[in-house]
Amino acid sequence: MDHSRVPVLEALQEFRRRGDVVYGPPGHKQGRGVDPRVADVVGLDVFRSDVLSLNGLDDRRQSQEMLGQAQDLMADAVGAERAFFSTCGSSLSVKTAMLAVAGPGEKLLVSRNAHKSVIAAVVVNGVEPIWVHPKFDAGRHLAHPPEPDDVRRRLREHPDAKGMLLITPTDWGTCADVAGVARVCHEFDVPLIVDEAWGAHFPFHPELPAWGMDAEADLVVTSVHKMGGAIEQSSVFHLQYDRVSPEVLKQREDLLGTTSASSLVYATLDGWRRQMVEHGHVLLDAALCRAERVRSAVGDLPGLRPMGREVVKEGLAADVDPLKIAIDVRDLGITGMQAAEWLRAHRHVDVGGSDTCRINASLTHADDDETEEVLLGALRALADSADSIERQPPVRLPASPALELEQALLPRDAFFAPVEHVPAEHAAGRISAETISPYPPGVPVVAPGEVVTDGVLDYLRSGVDHGVLIPDAADPTLRTLRVVART
């Protein structure tokens, strides 16, 4: 295929060349009605490019097939049979993918280290989740993706499961054995869905971890805004084989997706695909070299421990994305949240994520010598200044078994059940009716339907005292919990 073509961008360019006058949405009329104070901040070109697909970039009949051509080019670029664009972000795309495989009341294997959006999908879709617990790294207090044997065991226990949802890579960059999990799923003749939100760049360089389509996954969802070059909310479904019907996937997407898709997202997805096909190898080569330098330099700083391929050598993960720089800061006597706040306040550096143990910086093809030095300079300053950071009450981290809670009700049943709010000191033994997720990264510690324990309560409440955010709980202070009412 001719990857110099960018059908969406070409259609947008032609729209602007023609000078069409639009008498439909959006109401700002390609920027003519925008408050100049807004345009001064975001730029008029954002509004000039905000055009509907129907009766805008394409005609009423979509006769130019602009979007279809762009999706075909994306599929060809990454080795998928089909690709579908979404402008609603992968949070919604994963919900769609799950619904395309398992319907209400049906079973679906799900990695328990899933993002809160996956738990939300379980509630919305009404599937019965069969949790596959991650491989817990006690020394780093970190969950790595489950292994093929974990998936095989759960499929043997639940032969009526309709498929598996695997999350890889994690927010911290560790990756699953996707090919191994795919083989297990296919032995049981069920599809493997991969939430590869952090792996959109994987197809474009051989030194990056295995790409889900190459590893024989059936359906892969990527977020191109995370490690690629498209704007926020840009997501792509990648499909191959016949275990997931493209017709069913499209119908499920129609149920959940927006009817006001963003041409800005489509255009940047289209342009990023062209950039990666034409220049991706060279750009990612430079990024990989940069990441190696950064990781080595960070490793020489006192109190900072960057994570690398040792997690693979230790048998804890199948692979790791070298462009994710996860740095343990506990030897500085602070938490990752404190480190992130100090870096923002004192060095104007915003890291990609933080938790009780570490911070995370993502490097991409967009980084250069200047941003490399800014990051390293900020981390040097953090190491030098850590003693001046005020100590907070410690977060009491539980052992991994304490995080594997009993599932007493289906998440959907618990979420919609009659509820009551009880003081935290009386919540142990009760069934949660809410999701409780320290954020970021937003992996729920408690999901609806799980039985709350003293150990998890102690962990969460000590986290709140330290400054951990719990944005999805009814009471973010966790003085009370929302639980299923007793009948």
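The values are calculated or read from the model by the stated rules, or taken from the named source; none is laboratory data. The model shown is predicted, which means the values in this text are computed figures rather than measured ones. Here the Cβ positions follow ideal geometry from the backbone for every residue, glycine too, while neighbour counts run over all protein chains shown.
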Elements of type helices (runs of 4 or more DSSP H) in the range 293-388, at least 2 residues being in contact (Cβ under 8 Å) with a residue 24 or more places away in the chain
336-347, 369-385
Hey, Pro146 in a loop (DSSP other than H, G, I, E, B), buried (at least 23 other Cβ atoms within 10 Å of the Cβ) and more than 16 Å from the chain's Cα centre (by Cα) or not
yes
Any residue at all in the range 85-97 that's aliphatic (A, V, I, L, M) and either surrounded by fewer than 19 Cβ atoms within 10 Å (Cβ to Cβ) or assigned to a loop (DSSP other than H, G, I, E, B) (or both)?
no
Residue that is farthest from Met1 (Cα to Cα), among those in the range 56-74 that are acidic (Asp, Glu) and surrounded by 15 or more Cβ atoms within 10 Å (Cβ to Cβ)
Asp58
So for the range 450-469 (the condition being under 25 Å from Thr168 (Cα atoms), buried (at least 18 other Cβ atoms within 10 Å of the Cβ), in contact (Cβ under 8 Å) with a residue 24 or more places away in the chain and not hydrophobic (A, V, I, L, M, F, W, C)), does at least one residue qualify?
yes
Inspect the range 256-271 for any residue being at pLDDT 95 or above, farther than 21 Å from Ser90 by Cβ and either outside any helix (DSSP H, G or I) or out of contact with any helix residue (DSSP H, G or I) (no Cβ under 6 Å at 6 or more places or on another chain) (or both) and give the result as yes or no.
no
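Results for (1) surrounded by 15 or more Cβ atoms within 10 Å (Cβ to Cβ); (2) closer than 20 Å to Phe136 by Cβ; (3) among the charged types (D, E, K, R); (4) out of contact with any strand residue (DSSP E or B) (no Cβ under 8 Å at 6 or more places or on another chain), shown as yes or no for each residue.
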residue	(1), (2), (3), (4)
Leu405	yes, yes, no, no
Arg412	yes, no, yes, yes
Phe416	no, no, no, yes
Ala424	yes, no, no, no
Glu434	yes, no, yes, no
Pro441	yes, yes, no, no
Ala473	yes, no, no, no
Of (1) within 18 Å of Asp319 (Cβ to Cβ); (2) surrounded by fewer than 20 Cβ atoms within 10 Å (Cβ to Cβ), Gly173 fails just (2)
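Here is a yes/no grid of residues against (1) over 30 Å from the mean Cα position of the chain (by Cα); (2) over 28 Å from Ser111 (Cα atoms); (3) not small (Gly, Ala, Ser):
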| site | (1), (2), (3) |
| --- | --- |
| Ile389 | yes, yes, yes |
| Pro394 | no, yes, yes |
| Ala399 | no, no, no |
| Leu405 | no, no, yes |
| Ala414 | no, no, no |
So, in the range 210-245, of the ones that are of a type outside the set (A, V, I, L, M, F, W, C) and crowded, with 24+ Cβ neighbours inside 10 Å, which residue ends up farthest from Arg273 (Cα to Cα)?
Asp218
Selection from the range 1-30 of residues part of a helix (DSSP H, G or I) and farther than 18 Å from Ala230 by Cα yields Glu14, Phe15, Arg16, Arg17, Arg18
If you go through the range 339-357, how many residues are within 22 Å of His201 (Cβ to Cβ) and either in contact with a Pro (Cβ under 9 Å, 6 or more places away or on another chain) or of a type in the set (Lys, Arg) (or both)?
2
On the given criteria, is Leu481 surrounded by 15 or more Cβ atoms within 10 Å (Cβ to Cβ), over 26 Å from the mean Cα position of the chain (by Cα) and either part of a loop (DSSP other than H, G, I, E, B) or at negative phi (or both)?
yes
Number of the exception - Ala120 against (1) in contact (Cβ under 8 Å) with a residue 24 or more places away in the chain; (2) more than 30 Å from Arg17 (Cβ to Cβ); (3) in contact with a strand residue (DSSP E or B) (Cβ under 8 Å, 6 or more places away or on another chain)
(3)
Which of the residues belonging to the range 211-254 are more than 17 Å from the chain's Cα centre (by Cα) and assigned to a loop (DSSP other than H, G, I, E, B)?
Met213, Asp214, Ala215, Glu216, Ala217, Asp218, Gln240, Tyr241, Asp242, Arg243, Val244, Ser245
Checked Gly105, Gly33 against criteria (touching a strand residue (DSSP E or B) at 6+ places or on another chain (Cβ under 8 Å), of a type outside the set (A, V, I, L, M) and either part of a loop (DSSP other than H, G, I, E, B) or surrounded by fewer than 21 Cβ atoms within 10 Å (Cβ to Cβ) (or both)); the one match is Gly105
Flagged in the range 389-405 as touching a residue at least 24 places away in the same chain (Cβ under 8 Å) and not in a loop (DSSP other than H, G, I, E, B), in numbering order, are Ser400, Ala402, Leu403
Pairs with Cβ under 6 Å, 6+ apart, first in the range 57-81 and farther than 29 Å from Ala210 by Cβ, second in a loop (DSSP other than H, G, I, E, B) and among the hydrophobic types (A, V, I, L, M, F, W, C):
Leu57/Val51
Take the residues in the range 55-69 that are over 30 Å from the mean Cα position of the chain (by Cα) and part of a helix (DSSP H, G or I); name whichever of them is nearest to Glu14 (Cα to Cα).
Gly56
Would you mind finding the one in Gly429, Gly442 that is modelled with pLDDT of 95 or more, under 30 Å from Leu109 (Cα atoms) and assigned to a loop (DSSP other than H, G, I, E, B)?
Gly429
